[in-house]
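*Asks:* Below: one structure in structure tokens.
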Amino acid sequence: MKRILILGAGLVAKPAVRYLLEKNGMQVVLADQKMDKAEAIIAGHANGKAVGMDVKDETLLARLVSTVDIVVSLLPWTLHPVIARLCLTHGKHLVTASYVKEEMQTLHTSAREKGLIFLNEVGVDPGLDHMSAMQIIDKVKQDGGRIDSFFSYCGGLPALESNNNPLGYKFSWSPEGAMLAATNDGRYMEHGKINDVPGDELFKHYWLKSVPGAGVFEAYVNRDALPYLNIYGIEDAAGIYRGTLRNIGYCETWDFIKQLGLLNRKMKFDFDEVSPREVLANIVNCRSTDLRKGVSAYLNIPEHSLTLKKLEWLGLLSDRKLKIGTASVFDMFAHTLKNRLVYDEGEMDLLVMHHEFEAIYPGLPRQRIQSTLIDCGIPGKDSSMSRTVGYPVGIAASLLAQEKITLTGVLRPVHPQIYEPILAECRRLDICFKERRSNLDADERSYWGD
């Protein structure tokens, strides 16, 4: 019986764990710092075991790794190099949902030499985006065509009936990651021209995007898309873009949030003694009694603007002390988001992923190919985010346990041997892409337009 160690019992773990426990011939060891969280997910299953573990305890971590066949890490990416090195030492396969960083990539040759696969980016984004894209790209090539442009969009959002706050967004987990990503630079290519988007202009550089069956969203660039020309094997394409989808108004609000200094990690206050209102007054250099006027002047927006109403709704104009001790403005804002932009029991999230390709076939009109995934959480059960991350991870671990993946090294799921069975099993689990194809006029070259 194959033994699989899953590290981390967070919000995306349950679908992966339950999927593997339902497979014959597999045992799951779920380790987390909070053992009660792991026990709740295992729920007494005969083939499951919960373990309390601090990941900083490398002795215990090494012992756990040595006793299993496959390791799945759902921990932060910063911990993956340590885990990967232990997998190398003990000869174990590794699965993660995180981006391949340089520290992981340097282990490629060592993993291959030991006949191991370290499969990364096998969640939703990154993950399903790669798999669904490569399935279409490979099919176009097989049919004698080539990809001339590829624009990809993804967003995790509240479902329409749960979109009940003025910011149009809720966090499925800690918001710090999204806050840090708000400062990322972006890069993409359109009609052969490379466009660089500095981090301080990220939310100024956006457009409206209509997604069939889902609605109209704002789209802004998600990091550097150019490496994917090589990763996807479309080096001669004239356009490539990876974007994030958000509800209307998001980009303007977050641009003002950045201008207001709410992502400042150096400025600190004692929030047992100082209120958010006093902090903002300090930032914009006005009296707290004149804060609304001071913020509007600082941001050069009207006092009746929607942004001010959103800040007020968040509680940032409040005199109430937060009682979080000495912390940075960044920490204060993260604390605020954790308490205000949350899913209540029974509320649903929404995952929207949309690809647009332009393909060229010899002697035929240019073709547009659209592929769209729209997935909602299940009330009282799993969120869409946990399903679309957890299931691909669990399926990948199952394929490794059954020795159905023979590739080795540090990999992404861009190979048919990996993406075909994962996408097929996702379809069985009702995570499905809908594909549309249409011919383009000779002068129609809009990569992101409707």
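The values are calculated or read from the model by the stated rules, or taken from the named source; none is laboratory data. In this text the structure is predicted, and so the values were computed from the model without any measurement. Virtual Cβ from ideal backbone geometry, glycine too; neighbours counted across all protein chains shown.
*Asks:* What is the residue count in region 311-358 for residues that are of a type outside the set (Lys, Arg) and assigned to a helix (DSSP H, G or I)?
*Replies:* Taking region 311-358 as the starting set, the residues that turn out to be of a type outside the set (Lys, Arg) are 311-319, 322, 324-337, 339, 341-358.
Those left that are additionally assigned to a helix (DSSP H, G or I): 311-314, 329-337, 339.
Within region 311-358, residues that are of a type outside the set (Lys, Arg) and assigned to a helix (DSSP H, G or I) number 14.
*Asks:* Same structure, new question: With under 14 Å from Leu119 (Cα atoms) and at pLDDT 95 or above as the only criterion, which of Ile418, Ile431 stands out?
*Replies:* Values: Ile431 fails: under 14 Å from Leu119 (Cα atoms).
Every option except Ile418 fails the conditions.
*Asks:* What are the residues in region 205-230 that are surrounded by fewer than 17 Cβ atoms within 10 Å (Cβ to Cβ) and in contact with a helix residue (DSSP H, G or I) (Cβ under 6 Å, 6 or more places away or on another chain), if any?
*Replies:* Selection gives nothing.
*Asks:* Is region 223-233 home to any residue that is under 30 Å from Ser149 (Cα atoms), part of a loop (DSSP other than H, G, I, E, B), of a type outside the set (Phe, Trp, Tyr) and within 18 Å of the chain's Cα centre (by Cα)?
*Replies:* Yes, the conditions are met somewhere in region 223-233.
Quick grid of which residues meet (1) touching a residue at least 40 places away in the same chain (Cβ under 8 Å); (2) surrounded by fewer than 17 Cβ atoms within 10 Å (Cβ to Cβ); (3) not small (Gly, Ala, Ser):
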position	(1), (2), (3)
Phe203	yes, no, yes
Gly243	yes, no, no
Thr253	yes, no, yes
Arg265	yes, yes, yes
Arg277	yes, no, yes
Thr289	no, yes, yes
Gly294	no, no, no
Glu312	no, yes, yes
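*Asks:* Can I ask one more? Residue by residue through region 119-167, note down the ones that are over 15 Å from the mean Cα position of the chain (by Cα) and either on the phi > 0 side of the Ramachandran plot or among the aromatic types (Phe, Trp, Tyr) (or both).
*Replies:* Gly144, Phe150, Phe151 - these are the residues of region 119-167 that are over 15 Å from the mean Cα position of the chain (by Cα) and either on the phi > 0 side of the Ramachandran plot or among the aromatic types (Phe, Trp, Tyr) (or both).
*Asks:* Could you run through region 248-275 and say how many residues are assigned to a helix (DSSP H, G or I) and over 26 Å from Asn184 (Cα atoms)?
*Replies:* Within region 248-275, the subset assigned to a helix (DSSP H, G or I) is 250-259.
Now restrict to residues that are over 26 Å from Asn184 (Cα atoms): none.
Number of matching residues: 0.
*Asks:* Turning to a different aspect of this structure: Of the residues Gly168, Gly156, Gly177, which is surrounded by 20 or more Cβ atoms within 10 Å (Cβ to Cβ), in the same structural domain as Lys204 (by TED's automatic domain parsing) and closer than 28 Å to Thr253 by Cα?
*Replies:* Gly156
*Asks:* Name every residue in region 411-429 that is under 25 Å from Gly377 (Cβ atoms) and free of Cβ contacts under 8 Å to residues at least 24 places away in the same chain, in order of residue number.
*Replies:* Hits for region 411-429 are Ala424, Arg427, Arg428.
*Asks:* Right, something else. Name the single residue, out of those in region 349-384 being aliphatic (A, V, I, L, M) and modelled with pLDDT under 95, that is farthest from the chain's Cα centre (by Cα).
*Replies:* Leu364
*Asks:* Could you grab me the full set of residues in region 376-416 that are in a loop (DSSP other than H, G, I, E, B) and in contact with a Ser or Thr (Cβ under 7 Å, 6 or more places away or on another chain)?
*Replies:* Listed by number, the residues that qualify are Gly377, Ser383.
*Asks:* Same structure, new question: Take the residues in region 95-126 that are touching a Cys at 6+ places or on another chain (Cβ under 8 Å) and within 29 Å of Leu350 (Cα to Cα); name whichever of them is surrounded by the fewest Cβ atoms within 10 Å (Cβ to Cβ).
*Replies:* Going through the qualifying residues, I end up with Asp125.
*Asks:* In region 19-64, what residues are in contact (Cβ under 8 Å) with a residue 40 or more places away in the chain and of a type in the set (Val, Ile, Thr)?
*Replies:* Of everything in region 19-64, just one residue is in contact (Cβ under 8 Å) with a residue 40 or more places away in the chain and of a type in the set (Val, Ile, Thr), namely Val55.
Table: residues versus (1) on the phi > 0 side of the Ramachandran plot; (2) out of contact with any His (no Cβ under 9 Å at 6 or more places or on another chain); (3) in the same structural domain as Gly243 (by TED's automatic domain parsing); (4) among the basic types (Lys, Arg).
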| site | (1), (2), (3), (4) |
| --- | --- |
| Glu358 | no, yes, yes, no |
| Thr406 | no, yes, no, no |
| Val414 | no, no, no, no |
| Tyr419 | no, no, no, no |
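*Asks:* Quick test of your reading of the structure: Lys170 fulfils all but one of (1) in contact with a Leu (Cβ under 6 Å, 6 or more places away or on another chain); (2) assigned to a strand (DSSP E or B). Name the failing condition by number.
*Replies:* Among (1) in contact with a Leu (Cβ under 6 Å, 6 or more places away or on another chain); (2) assigned to a strand (DSSP E or B), the lone unmet condition for Lys170 is (2).
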